[in-house]
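First up is the structure itself, then whatever we jot down about it.
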Amino acid sequence: MNLLVIGINHNSAPVAVRERVAFVPEQMSAALRDALANIGVSELAILSTCNRTELYGIITDEADATVHGMLDWLAAYHHIDRAELADCIYDHRGQSALKHMMEVAAGLDSMVLGEPQIFGQMKTAYAQAVDAGTASGALHRTFAQVFSIAKRVRTDTGIGENPVSVAYAAVNLTQHVFSSLSSCTALLIGAGETIELVARHLHDKGIKRIIIANRTLDRARVLAEQFDAEAVMLSDMPKYLVDADIVVASTASQLPILGKGAVEGALKKRKHRPMVMVDIAVPRDIEAQVSELADVYLYTVDDLREIVEENKRARQNEARKADDIIAKALVDWQIQIRALNAVETVRDYRAKAEEVRDAELERALRQLAKGDNAEQVLEQLARGLTNKLIHSPTTQIKAAGAQGRTDLVHWARELFQLKDSES
């Protein structure tokens, strides 16, 4: 199989290197065509994400030479020292390359095991290659198989069902109390990376309203603009607490920001409608005594970590099922490839047989036109077809027998579905 993959990812290269070999969407078409013109491949696709850059090629040259060519081109294109890049590069060839692509598409090779975004990113990479005219027959079949198996992994395993990030776990917990977030209001305390991820997950789930409270209003506004949220000062946060069905806190404060009294007062104004509170901060942003209130579901970072670790173990179990799916797919794919390799031979043999048929038919039609006996013409046609169709195989079988090549003789018996010979 002439498939080759080279690349770098979060396991092989630090972010300082990964960001230097990333491709922006606007340059992808030109990059693909340039690479195709300068590397020993007939087809090419490039996947570029925050965690990986990979080149998928159908090679026309010797594999080692093509790996060097790809590495040279990648280093030159991004103006990176070749030796520095070579330390981070991995490559996969043939069946190993196909297996790697399947694992990437299924989320098995991701920083977060089972994450679903990579599947869409691979589909985009293939679409860009098709648009650029650098992917067609062999790469088309390869990606079709990769996408099919990735879908099977998603359908037949639960690898993507359990959240394995603290931010996602926090949002997932809220749905244990509120089946739908479409009528809920969330108050997010802080404006760091974790709160940004929480806001993104809540926004994706269709929450009605998000309020972001932060000591620095400008930072809160920057974050709020991304998710159609409201930005407020941390000092104004208590008056928004009454509207909050969900509270997620993650600041760097050394002292609690929310005390039991403030929450108790908000609950009375809410007429004791339930409130989910998730404290991701260390030290804690929400006083521990808040958990004593009857209408509050308070979770700490330790609760989330337990959920995340349990879910990681669950995903790892599902990953083993995914490995089995991929292993079987590779066997089936190899069978398909072997069948494709035989297509040309079958086509040539059929063409040869049709050539013999046409010649014999033309002779028979001439004889009939002359008035020859139709029965005799048909007998001669059948005899001529039989003799000419079996002439080459029988000659080769006799030669194989004379040379002691019994394996070829036995294969011929299998090919022509003959009964087993006693000798």
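Throughout, read-outs are computed from the coordinates displayed, never taken from laboratory work. This one's a predicted model, so the numbers in the text were calculated from it and none came from an experiment. Note: ideal-geometry Cβ built from the backbone for every residue, glycine included; neighbour counts use all protein chains shown.
Springs join every pair of Cα atoms under 10 Å in this Gaussian network model of the chain, and among Q121, Q175, Q396 the largest mean-square fluctuation is at Q396.
Our coupling estimate for the range 378-392, obtained by passing each phi through the Karplus curve with A = 6.51, B = -1.76, C = 1.60 and θ = phi - 60°, is 5, 5, 5, 4, 5, 5, x, 4, 4, 4, 6, 6, 9, 4, 5 Hz, Gly and Pro reported as x.
Here is the P(r) of the range 276-362: all C-alpha pair distances, binned every 5 Å from 0, give 3, 10, 9, 8, 8, 6, 6, 6, 6, 5, 5, 5, 4, 4, 4, 3, 3, 3, 1, 1 in whole percents. Working from Cα positions, state the angle (0 to 90°, nearest 10) between the long axis of helix 63-77 and the longest principal axis of the chain. Tilt relative to the chain: about 40 degrees.
Taking amide H positions as modeled 1.01 Å from N, with prolines and chain starts lacking one, the residues under 5 Å from L298 and 5 or more places away or on another chain are M277. Rounded, prolate or oblate for the range 336-415? Axes are the square roots of the Cα gyration tensor eigenvalues, ordered a ≥ b ≥ c, and the cut-off for rounded is a/c under 1.5. It comes out oblate by the Cα gyration axes.
Listed by chain and number, the lysines whose C-alpha is less than 23 Å from the C-alpha of K352, apart from same-chain residues fewer than 8 away, are K388, K398.
Of the GluC sites (Glu not before Pro) found in the range 144-247, the ones in coil according to DSSP and having at most 15 other Cβ atoms within 10 Å of their Cβ are E161.
Calculated FRET efficiency, L418 to T124, Cβ-Cβ distance, R0 = 41 Å: about 0.15 to the nearest 0.05. Taking a straight Cα-Cα cut-off under 22 Å and skipping sequence neighbours fewer than 8 places away in the same chain, the lysines within cross-link reach of K268 are K239, K260. Taking a straight line from the alpha carbon of K123, these lysines sit under 29 Å away, with near neighbours fewer than eight places off in the same chain left out: K99, K151, K205, K312, K321, K328.
Relative to the longest principal axis of the Cα atoms of the chain, the long axis of helix 260-269 makes an angle of roughly 80 degrees. Each DSSP beta bridge with both residues in the chain is either parallel or antiparallel, and the antiparallel ones are about 45%. The separation of the range 162-190 from the range 3-50, counted between C-alpha centres, amounts to 36 Å.
Taking amide H as placed 1.01 Å from N in the peptide plane, I212 has its amide H under 5 Å from the amide H of L188, E230, A231, V232, each at least 5 places away in sequence or on another chain. Under the combined filter of DSSP loop state and at most 16 neighbouring Cβ atoms within 10 Å, the range 204-261 retains these trypsin sites (Lys or Arg not before Pro): K205, K208, R215. Taking Cα atoms, how many degrees apart are the long axis of helix 301-369 and the longest axis of the chain, rounded to 10 and kept between 0 and 90? Orientation of helix 301-369: about 20 degrees from the principal axis. Shown in residue order for the range 239-251 are the 3J(HN,Hα) couplings computed by the Karplus curve 6.51 cos²θ - 1.76 cosθ + 1.60 at θ = phi - 60°: 6, 8, 5, 5, 8, 7, 7, 10, 10, 10, 10, 7, 10 Hz (x for Gly and Pro).
By the gyration tensor of its Cα atoms, with a ≥ b ≥ c the square roots of the eigenvalues, what is the shape of the range 83-140: rounded for a/c under 1.5, prolate for a/b over b/c, or oblate? It is oblate, given that a/c is not under 1.5 and a/b is not larger than b/c. Among the GluC sites (Glu not before Pro) in the range 1-72, those located in a DSSP loop and surrounded by at most 15 other Cβ atoms within 10 Å of their own Cβ are E19, E62. Counting pairs of Cα atoms in the chain, how many percent are more than 31 Å apart? Everything past 31 Å amounts to 61 percent. With a ≥ b ≥ c the root eigenvalues of the C-alpha gyration tensor of the range 166-306, is it rounded (a/c under 1.5), prolate (a/b larger than b/c) or oblate? Rounded, because the longest to shortest axis ratio a/c is under 1.5.
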